[in-house]
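Where a number appears in this text, it was derived from the coordinates with a stated rule and is not lab data. Keep in mind it's a predicted model, so treat the numbers as computed, not measured. Note that we place each Cβ from the backbone using ideal geometry, even for glycine, and neighbour counts take in every protein chain shown.
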Amino acid sequence: MSVNANPTSRAEALFRQAEHGSLPLPELFEGAQALVEQGAPQQAVRLYEQWLAHTRSPLAYAVWFNLAIAHSGIGNDTQAEGDYLKAIALNPDFIEARLNLGTLYERLGRPDDALATWNAILTDVRDLAAKQSLHVQTLNNIGRLLEIRRRLPEAETVLTQSLTIDPHQPNAITHWVHLRQKLCRWPVYQPFGAVTVEQLRRHTSALAMLGASADPAEQLAASRHFIEQKVKTDVAPLCDPAGYPHKRMRIGYLSSDLCSHAVSILTAELYELHDRSRVEVYAFSWSREDNSPLRARVVGAMDHYIRIDRMTDEEAARCIRSHEIDILVDLHGLTLGARAGILCWRPAPVQLTWLGFPGPTAIPGVDYVVADAFVLPPELEPYFTEQPLRMPHTFQINDRQRAIGPRPERAANGLPDDKFVFCSFNTNFKFTPDVFAAWMRILRRVPDSVLWIVADVADTRANLLREAEAHGIDGSRLLFAARVPPAEYLARFGLADLFLDTAPFNAGTTASDALWAGLPVLTWAGRTFCSRMAGSLLHAVGLPELVTHTLADYEEVAVALGTDRARMAALRQRLADNRDTSPLFDTPRFVRDYEDLLASVVRRPAGVPLRDDPDPIRTHAVPEPAAGQMSIQQSSMLALMRPGMHSVVEVGGTTLAQAWRARQPNSHFTGIGAHAATGGFATGVVPADPEQLDAATWQQLASAQCWLFPETLERLRDPWTFLQRLRREALGAVELVACVNNAQNWHMQSLLVSGNLHYQEGGVPDRRSLHLFTRASLAAMLRECGFAIVEMTAVNAHQPPPAVVEALRHLAAATGADALLAEQDALAYQYLLRAVAV
């Protein structure tokens, strides 16, 4: 029976057949899939359940498998887990069910269960060798998750097994090579089985190649290979190439590292120091919510912070385009989790890359790379697909607010008091055999010295100790530093005498850390961008004599400094004298130069008058979108909504209906409100007071997976009762996505203090608002009503004047509150959140 033009009668016929146990398996699968495509996945679940209840079949395991997938599709992961387990119990050799179950466990944050499930395939499934593709997929899943769990030796072993079975796996080779680098297992390019050195080099990732090769042509080739293999490039540009008539440049930062990460460590003060009379600052982020103070500071410094992690590359690009971004700054490049596809859509007329990936990206649509005369000299330009935008002093910005803790004792860190301490706190994959051999020769020639490094993985430490012994250096002269909090980490640099850089992949953020903490850095500058980073910093801080250009010179200078304490002391003193006045740490000057640089390439349409942007302080609300575009609030709420939801309810109207249905055309969208508009993309409207719904209406809405509150939660007379009723009536998992105004915002507080808190139409506070919420009271209400916040983003309009910040701190301290937290909570004028029923 085929799917016809009357899906309702077709579904009824399917259910009748299933109830009588007469529905053939192919028609069951075809009919259930049709229901999903028609936006009725819960009906598909019921159809599978009906079939299983009335049909006996040796193929029932396949139906349990499909039922698990259907349950996952509507967010019922607990039921999906049970379905997979039933499929496996009926057919223990059904590898697909075991693979999916492991993936479900991983997604639920149960990595040990995922590994156990996949490992059971290797031990429990009969005749596994005859199912090569599934065998390889199992090994690759295990290897990938072991690498994420930092069980690197095990990951390498498993991927070796996978590549022995099938040597033609570019992705597996990519991970295998990088694992060898992280483990300092040399030579990295070690052929085995049918895997050749040529294959290993060809499939080395762009990031790994920065440390594996000193040849700029090979680095460019690795980046091009990544783009060719991984990125869809044949897409039409979205932006207007002529630019936009904004008086202020709209700068968008694209990154997944706006958290406790090296990129944010460098750039936190940049976002704060941007001249708001000149620029408007946007973040388009897929960063993890690590709850770190650094992340809170970075997010708080943005004028607009927009999450794009739940958007496809095209959706993210269209979101960026909707905000008419003038210059899009890619802070990610080709590092882990890269989303180069966004840039290929060219959502902004000018696009550049900076900091995240110190090499050529080969991303179509990226016009420029931020550089300087040293890090990217003219002879290196042919190996970049981007044109250099050269800063006058150095390419790398720094944050002057990084606190350095009290200097500890050497003994407390396992260091000898009477030895010269060389250190290299770079990540281990940057270590190479030739530089490590030079370090061992330096130790031999400076007898009263030790080398202090970081190596978190036991096997990496063992490999480095073995290499040291092979070079005739007693392993006791290699000392390993533990991980410590940021302020202690910076203070620890003061215990070392000289930082020895890696090559061809120099220290970047780590070199800045060392210099900021007062420790001189010795580097070897080569022919690639990444091998010239530390040299750029040393020139900018006034220590050019610490930049060498051959490995032999690097070794000689290290030995000379290691045996001349007076010269070393003079260098430290010069660094201390230069630090606060040098271009390297003059962050306000850097920001001015950087904004000048961007202004030199921004595009403005000829003959069109520049227009003023809305004043966020005056309106204290999200600016109205241009015709046909989503508002910032709408796009941000859309980003929080999980893809695949089949039933959505908006409280207060249908403002998000069109945007959601364009993304999820088969879903059911209902708007509730006395004045909710009909038509357009809205599937249904309940023209009633949300707090006066009758039992029949609640029953109709009970299967909704997501409820939206675009500034409407605070307009309910009794949001507590409404949310408790919603939680009680909901069938299965239910989520809330809300935009709520922040009553603790500094502007609101200033209006209260001045006595000018006047309710207004469409302003803050809005005369329709019946409740005032803060971050803490909002979380408490949701918790009381049976919901837990899983994502929460502060949206900031403008930074308060310094005098206001100081006053807020004093007020908080006077009332016994946390002054820093009170300042942070006063920055947000709205909160965007997603909460789930618990």
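Student exercise: in the chain, how many lysine pairs 8 or more apart or on different chains have Cα atoms under 27 Å apart?
Eligible lysine pairs with Cα atoms under 27 Å apart amount to 6.
Nearest-5 percent of antiparallel DSSP beta bridges in the chain?
20
Roughly how far apart, in whole Å, are the Cα centres of the range 327-347 and the range 423-501?
34
Taking all pairs of different Cα atoms in the range 148-248, averaging 1/r and flipping that mean, what Kirkwood radius in angstroms comes out?
15.6
State, to one decimal in nm², a quarter of the convex hull surface area for the C-alpha atoms of the range 411-585, i.e. the direction-averaged projected area.
Here the figure is 9.3 nm², rounded to one decimal.
Kindly express, to the nearest 10 degrees and within the range 0 to 90, the angle between helix 458-470's C-alpha long axis and the longest C-alpha principal axis of the chain.
The answer is roughly 20 degrees.
Calculate, for Ala776 and Ser754, the FRET efficiency according to 1/(1 + (r/R0)^6) with r their C-beta to C-beta distance and R0 41 Å; round to the nearest 0.05.
0.95
At what distance in angstrom do the alpha carbon centres of the range 559-603 and the range 354-405 lie from each other?
Between the Cα centres of the range 559-603 and the range 354-405 lies a distance of 16 Å.
If you take the beta carbon distance between Tyr189 and Thr233 as r and set R0 to 35 Å, what does 1/(1 + (r/R0)^6) give as a FRET efficiency, to the nearest 0.05?
Result of the calculation: an efficiency of 0.75.
Label points 7 Å out from Cα along the Cβ direction at Ala458 and Arg224: separation in nm?
Computed distance between label sites Ala458 and Arg224 equals 4.5 nm.
Can you give me the angle between helix 313-322 and the longest principal axis of the chain, using Cα atoms only, in degrees from 0 to 90, rounded to the nearest 10?
Between helix and principal axis, roughly 90 degrees.
Mind pulling up the Rg/Rh value for the range 231-319? Radius of gyration and Kirkwood radius, both on Cα.
Across the range 231-319, the Cα-based Rg/Rh ratio is 1.00.
Want the number for Thr196 to Ser133: 0.36 nm per residue separation, take away the alpha-carbon distance, what's left?
In short, 20.6 nm is gained.
I need the Debye-formula profile for the range 368-506: one equal scatterer per C-alpha, no solvent, reported as log10 I(q)/I(0) at q = 0.09 1/Å, two decimals.
Summing over Cα pairs of the range 368-506 leads to -0.37.
Can you tell me how much longer the chain between Leu108 and Arg126 gets when fully stretched, taken as 0.36 nm per residue apart minus their C-alpha distance, in nm with one decimal?
Difference between extended and current length: 3.6 nm.
To the nearest 10 degrees, how steeply does helix 41-54 sit against the main Cα axis of the chain, on a 0 to 90 scale?
Roughly 70 degrees between the two axes.
Could you pull out every residue, at least 5 positions away or on a different chain, whose amide H is within less than 5 Å of the one on Gly671? Hs are placed 1.01 Å off N in the peptide plane, and Pro or chain starts have none.
Glu650, Gly684, Val685, Val686
Per DSSP H run of at least 4 residues, take -39500 (n - 2.57); add these up for the chain, divide by its residues and hand me the 222 nm value, nearest 500 deg cm²/dmol.
About -13500 deg cm²/dmol.
Which of the peptides 334-344, 269-279, 122-132, 17-27 is most tightly packed, and how do the rest follow, judged by the mean count of other Cβ atoms within 10 Å per residue? The partial results should precede the final answer.
On the way: 334-344: 21.5, 269-279: 17.5, 122-132: 11.3, 17-27: 15.2.
Highest to lowest by the protection proxy: 334-344, 269-279, 17-27, 122-132.
Label points 7 Å out from Cα along the Cβ direction at Ala733 and Ala411: separation in nm?
Here the answer is 5.5 nm between the modelled labels.
Based on the Cβ-Cβ distance of Arg589 and Thr563, what FRET efficiency does E = 1/(1 + (r/R0)^6) give at R0 = 22 Å, to the nearest 0.05?
0.05
What share of all Cα pairs of the range 632-837, in percent, falls into each consecutive 10 Å distance bin?
Over the range 632-837, the share of Cα pairs per 10 Å bin runs 8, 33, 34, 17, 7, 0 percent.
Positive end of the charge dipole of the range 249-391 (Lys, Arg +1 and Asp, Glu -1 on Cβ, about the Cα centre): tell me which of Val350, Ser264, Ala362 has its Cα farthest that way.
Of Val350, Ser264, Ala362, it is Ser264.
Go through (1) 58, 48, 30; (2) 49, 38, 25; (3) 110, 47, 24 and flag the label whose value is the computed semi-axes √(5λ) of the Cα gyration tensor in Å for this structure.
Recomputing semi-axes √(5λ) of the Cα gyration tensor in Å here picks out (2).
Residue separation times 0.36 nm, minus the C-alpha to C-alpha distance between Ser600 and Arg642: what's the value? Don't skip to the answer; put the middle values down first.
Working: separation 42, 0.36 × 42 = 15.12 nm, distance 3.99 nm.
The span from Ser600 to Arg642 would gain 11.1 nm if fully extended.
How do the peptides 348-358, 73-83 rank, highest first, by the average count of neighbouring beta carbon atoms within 10 Å per residue?
Highest to lowest by the protection proxy: 348-358, 73-83.
Any number yet on Rg/Rh for the range 7-230, C-alpha, Kirkwood?
Checking Rg against Rh, the ratio lands at 1.10.
What order, most packed first, do the peptides 441-452, 461-472, 408-419, 186-197 have when packing is the mean number of other Cβ atoms within 10 Å of each residue?
The densest-packed peptide leads the list: 441-452, 461-472, 186-197, 408-419.
What spacing in nm lies between the two simple spin-label points modelled at His20 and Leu551, each 7 Å away from Cα in the Cβ direction?
8.1
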